[in-house]
1. Please give the solvent-accessible surface of Tyr170 in Å², to the nearest 10, using a probe radius of 1.4 Å with every protein chain present.
2. Between Tyr75 and Phe121, what is the label-point separation in nm under the 7 Å Cα-to-beta-carbon projection?
3. When the solvent-accessible surface of protein heavy atoms is calculated with a 1.4 angstrom probe, in what order do His106, His131, His243 fall, highest first?
4. Compare Met155, Met345 by solvent-accessible area with a 1.4 Å probe and give them largest first, with all protein chains kept in place.
5. Can you list the aspartates and glutamates whose alpha carbon sits under 13 Å from that of Lys91, skipping same-chain ones fewer than 8 residues off?
6. For Lys147, what is the net charge nearby, where nearby means another residue's Cβ is under 12 Å from its Cβ and Lys, Arg count +1, Asp, Glu -1?
7. Apply the Karplus curve 6.51 cos²θ - 1.76 cosθ + 1.60, θ = phi - 60°, to the phi angles in the stretch 80-88 and return the couplings in whole Hz, x for Gly and Pro.
8. Work out the FRET efficiency for Leu102 and Asp167 from their Cβ-Cβ distance, taking R0 = 25 Å, and round it to the nearest 0.05.
Amino acid sequence: MNDFKSKLDQMMGDTSKQERRIKQRVHERLETPTKRFSLQALLVSAAIPLVALFLILTIDPMNYLSSDKGPGVPYDPLDDLAQISALHKKKQLSAINYEELLALPHFDQVDGLYYIDVEKFSVEGSSDTFHTVVERKENLFDEVVYKAGDIVRTMTNTTSHLPTYMDTYYEVIAVPGDRVVLKNGELTINGKPLQSELMDLYEKQEVTIVGGYDQLLNAREYLLLNHFPANETVQGATITPVHKIYGQVVGVATEERTESIYFDYLSGQLTGNYTPEQYFDLYLYDDLFGFGDFPETPIFTQISRLGELFLEASYRKEVSISENEVQIRYQYGREGVAEQVFTMMWDASSSRWIIQE
């Protein structure tokens, strides 16, 4: 023991035990503490992956991205297509309710983007001859121009796996951006069963919906169903591009009272003072609906999209070049889509505007 320790002990007493306690505390603090888990913590940790697995198994992916399930059994349209085509050929596909059509607005004049449907009908108690009025839509390639519930006319089209027909009235069921799932006759739109007056009619009349879809409609696609299905028939739900839809049925017109260049044309009485653009429309109308009253236009025989030109009337304008010459210019305002120009000339011998070759 040194002198300093001796003197300290004399002043404070023996400090050996206190020094050992201080050393022990320092030693314990310098050591890494051992981790300890309670039984409760272990149980909670084990439960987390089990809960996650339960949620994954119980959430129905049909409400989200149903197509992520992977490959399945593909829908075969051939039998349904044959049955629908046979019904149409026998005129048993539709049962048109003309009284419903007569409840639409009545037109005194039809021009501009409106035109007369070539199909005519009559109703008991009236001597009038009726046609529906169809509206071609503005900006049909730039906007969603139809909504669910609209009644439309289409071209006869079998490029899809189920056909549409020119003489059938269709209803818009789903529009661009909607997710459509149709399997075994069960149709859902955006994850929910479709509920509408049309669906109630289909159920009441025991009509079967056929088709096979699991997809998101693109910016120019609509899902259509026959608006007037015949009882106990098979009806195809058909995804149809906008350029195959001839327009929305918006009213009715009568041959006896409605003024229209289309009624003049149908009756063979083209005696009015019509504009070059009206004549241009008639050339397209004549070609599309098969009357053949106008002389064959060679320039049209080189164009495969006459139907689109008729529908795209809002994209065109009439430009006067001279007293006897006018240009019909289709201007789409979209990069990569070329402007189309047609020249109309006044023909004194026939007293009408004709398309210049």
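1. Tyr170 has an accessible surface of roughly 10 Å² with all protein chains in place.
2. The answer from the label model is 2.7 nm.
3. Working: His106 110, His131 5, His243 55 Å².
The residues order as His106, His243, His131, largest area first.
4. Met345, Met155
5. Asp167
6. Taking every other residue near Lys147 into account, the sum is -3.
7. Listing the rounded values in order: 5, 4, 5, 5, 5, 4, 5, 4, 5 Hz.
8. Calculated value: 0.85.
The values are calculated or read from the model by the stated rules, or taken from the named source; none is laboratory data. Quick caveat: nothing in here was measured; it's all calculated off a predicted structure. Note that each Cβ is placed from the backbone with ideal geometry, even for glycine, and that neighbours are counted across all protein chains shown. For the accessible areas, the whole protein counts, side chains as well, though only heavy atoms, and no ligand, DNA or RNA atoms are used. Shrake-Rupley method; radii C 1.70, N 1.55, O 1.52, S 1.80 Å.
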